[in-house]
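What follows is a short report on a single structure.
The values are calculated or read from the model by the stated rules, or taken from the named source; none is laboratory data. Since we're looking at a predicted model, the values are computed, not measured. FYI the Cβ positions are ideal-geometry reconstructions off the backbone, even for glycines, and counts take in every protein chain you see. Each accessible area value is taken on the protein alone, full model and side chains, heavy atoms only, with ligands, DNA and RNA left out. Shrake-Rupley method; radii C 1.70, N 1.55, O 1.52, S 1.80 Å.
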There are 2 protein chains.
Amino acid sequence: MAKESEIISSLRRKTRPVDDVIVGIGDDAAVIKHRGATDLLACCDVSVEGVHFQMDWTTPKLLGRKSLAVTLSDVAAMGGVPRFALVSLALPQTSQERLAEEIMQGIFELADDSGVTVIGGDTSGSRDSLFIDTSVIGECAKGQAITRGQAKADDLIFVTGSLGASALGLLLLEQGYRWAEAVDGNSSPPHLQEAAKDALAAMRQQAMKKHLIPEPRLLFGKAIGELGLATAMIDVSDGLSTDLAHILEESNCGATLRAELLPIANCVRKLSRVMPEINLLNLALHSGEEYELLFTAPGDNQRAIVEVAAAINLPVIAIGRITRGRQSHLERGGKVELMLPSGYEHTI
Amino acid sequence: MAKESEIISSLRRKTRPVDDVIVGIGDDAAVIKHRGATDLLACCDVSVEGVHFQMDWTTPKLLGRKSLAVTLSDVAAMGGVPRFALVSLALPQTSQERLAEEIMQGIFELADDSGVTVIGGDTSGSRDSLFIDTSVIGECAKGQAITRGQAKADDLIFVTGSLGASALGLLLLEQGYRWAEAVDGNSSPPHLQEAAKDALAAMRQQAMKKHLIPEPRLLFGKAIGELGLATAMIDVSDGLSTDLAHILEESNCGATLRAELLPIANCVRKLSRVMPEINLLNLALHSGEEYELLFTAPGDNQRAIVEVAAAINLPVIAIGRITRGRQSHLERGGKVELMLPSGYEHTI
């Protein structure tokens, strides 16, 4: 395994100088210039081998990318802009020399694409599992952070993108399917060789891609934050029903969702024709790790929200309404039923 | 194991409101007011079971405390003041219900004592090892952060406190000794029951305490930073010889240390009489996880440095001098020998 000092030297060479980073990787702490014109945002997310991922599902680079993506998504969900990242890695003793470097490559690529500077980190050995913890510092206009706590009765409930693909991708990975680009060409199983010809195989690839390479909704979150369009916002990490419940609890209100409006991912719909185990509604309501943004806003803001989304080519749809009570309901085929949060938490 | 939501609720109840924390634990990200009058410092440290610690060496509370202490020490080594912390925990499936709570209790206690607010975190399961990553955001006067890179030829080299006890404490733990307060009364081995009567047992306790409950030199680091007394500073985490080498490399200079000036911990001296395996000089030069501050300063600042240290009752001593070359030397009994860094890195 590479020594920490070698990893640090390698990282320092990759870091481009950024104006407001006075001291980056390689000292006891990073030093950041901050003009004080914004509020700071800070959050972290830990990914653990055997809990959040299996090594043979993905590549080290994509693993690094996702470990940062999920934390950037938290900043997007505050309506902010991510600026700096710290990365802690604990690498199994048996790791190949290049594991840390490849993980960091994935982190650096997404950081670069997102305007984020990796300013520091720590590496360690580990007896067995790989651990990656990413902490992100971001910013937003003073007093403009969008929490989970300000949803109001009669607000509309919106969600970006589509739902269900991430949980389905996870199911496919568990069933032994692999994302094509994570498998080296010579050992591609037959279902991959057929991918181009087979529409279902392509749909499976889409679902696994959504799980392995989630795209945090940074541009949209930033725009919604800057324009002050949302009353409450969260990213869909535990599943729509659970993440909505977080908003309702913090905002002390209820909600009614309309089942037929839930934006079910195309690949999920298509695969459901051949996978009887798929329940479309359950997947849409409870699929975690989607990293779409779920937010509430007065109806008056709907037009502006739709325009922002159209400008960056991101689907957004109103799926329900905030209510005065404390319960959540689902309206489905003219009937209204009680809805309980059923997302998952990462305990094994 | 407790669910993440329960852990978060419990933590939120414990967090006191702090003026500049607009949103603390429990949202997607914490929101911090920052006036922009200071530079920000950011760093993280990861602690992994089986690499940095064994569960039967310590208590969960002390483990939590140390995991934050080591990161606070990094801020002290920049001459700054720690302000906010993020904590990521990955807890083995087999953990007792209260493990996370006890770890967080240790973290909260040290945070409170240090004026630090825990603003967020993440928890996860883990297949096997316990993993704790703490990220700290601190601040220092604009442009006043003390890096490793500004040591100058003829600067004096200073170190706080004493050296050697942490590595000896680790050795004792590995030999089966236990820190008294980490062992429950009924199962105390005989050497603990005799602790009060036995001066050597008390020395062993001191060494283990230094290893298990390091005290980051926050007041001293802050004062040195505010008064601009040091040219370069680092905390002794890898061992004096290695950490000094980091300063020399970044500052592009050499050093000569005087062996007889190295402040060897009292417990180390006393135990060396009965432990033939102890080499005092090696321990002083290479003992890691001491979390003392090692820094360089012009001779003109020596009086002010000594006064600052005296005011907070912390020993500080000049142990050598920065030189123009790139090599490190040790002066010992009138002879000068080459000194190579021989601290350790946390790979297993």
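Per-structure values
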| read-out | value |
| --- | --- |
| Accessible surface buried upon B-A contact (total; probe 1.4 Å; Å², nearest 100) | 5300 |
| Highest-MSF residue in chain A out of A:142, A:210, A:222 [GNM, Cα springs under 10 Å] | A:142 |
| Solvent-free Debye scattering, log10 I(q)/I(0), computed from the Cα coordinates of segment B:18-110 at q = 0.11, 0.12 Å⁻¹ | -0.39, -0.46 |
| Chain A Cβ-axis minimum, rotational copy B, residue and distance in Å | A:36, 1 |
| Antiparallel content of DSSP bridges confined to the protein assembly as shown, in %, to 5 | 75 |
| Heavy-atom accessible area per residue - segment B:101-161, 1.4 Å, Å² | 28 |
| Structure-based [θ]222 nm, chain A - -39500 (n - 2.57) summed over DSSP H runs of at least 4, per residue, nearest 500 | -10000 deg cm²/dmol |
| Estimated FRET transfer efficiency (residue A:302, residue B:332; beta-carbon r; R0 56 Å; 0.05) | 0.10 |
| Distant-in-sequence amide H partners of residue B:123 (H built 1.01 Å from N, under 5 Å) | B:89 |
| Accessible surface, per residue, of segment A:10-85 when the full set of protein chains is kept, probe 1.4 Å, Å² | 32 |
| Accessible area in square angstrom per residue, segment A:215-348, 1.4 angstrom probe | 46 |
| Under 17 Å from the residue A:18 label point (7 Å along Cα→beta-carbon), backbone N, segment A:234-266 | none |
| Segment A:75-173 - Rg over Rh from alpha carbon coordinates, Kirkwood radius | 1.08 |
| Residue A:113-residue B:141 pseudo-label distance in nm [points 7 Å out on the Cα-to-Cβ vector] | 4.4 |
| Per-peptide average of other Cβ atoms within 10 Å, ordering A:253-265, A:151-163 highest first | A:151-163, A:253-265 |
| Among A:103, A:305, A:32, residue whose mean-square fluctuation peaks in a GNM of chain A (springs only between Cα atoms under 10 Å) | A:32 |
| Gain on full stretching of the segment that runs from residue B:226 to residue B:281 - 0.36 nm per residue minus C-alpha separation | 16.5 nm |
| Nearest-first distances (nm) between copies at residue B:102, label 7 Å from Cα via Cβ | 3.9 |
| Residue with peak Gaussian network fluctuation, chain A [Cα springs, cutoff 10 Å], from A:288, A:125, A:176 | A:176 |
| Solvent-accessible area, 1.4 Å probe, carbon plus sulfur percent, for the protein assembly as shown | 48 |
| Label spacing, shortest first and in nm, from residue B:313 to its equivalents in the remaining copies (7 angstrom along Cα→Cβ) | 6.7 |
| Spin-label pair residue A:310/residue B:97, simplified geometry with 7 Å Cα→Cβ offset, distance in nm | 5.5 |
| Reciprocal mean inverse distance between Cα atoms of chain B - Kirkwood radius, Å | 21.1 |
| Shortest-first nm distances, residue B:335 label point to equivalent points in other copies (7 Å, Cα→Cβ) | 9.2 |
| Amide hydrogen neighbours beyond the local backbone of residue A:22, cut-off 5 Å, H modeled | A:31, A:32, A:33 |
| 10 Å Cβ neighbours from other chains, averaged over peptide B:32-40 | 6 |
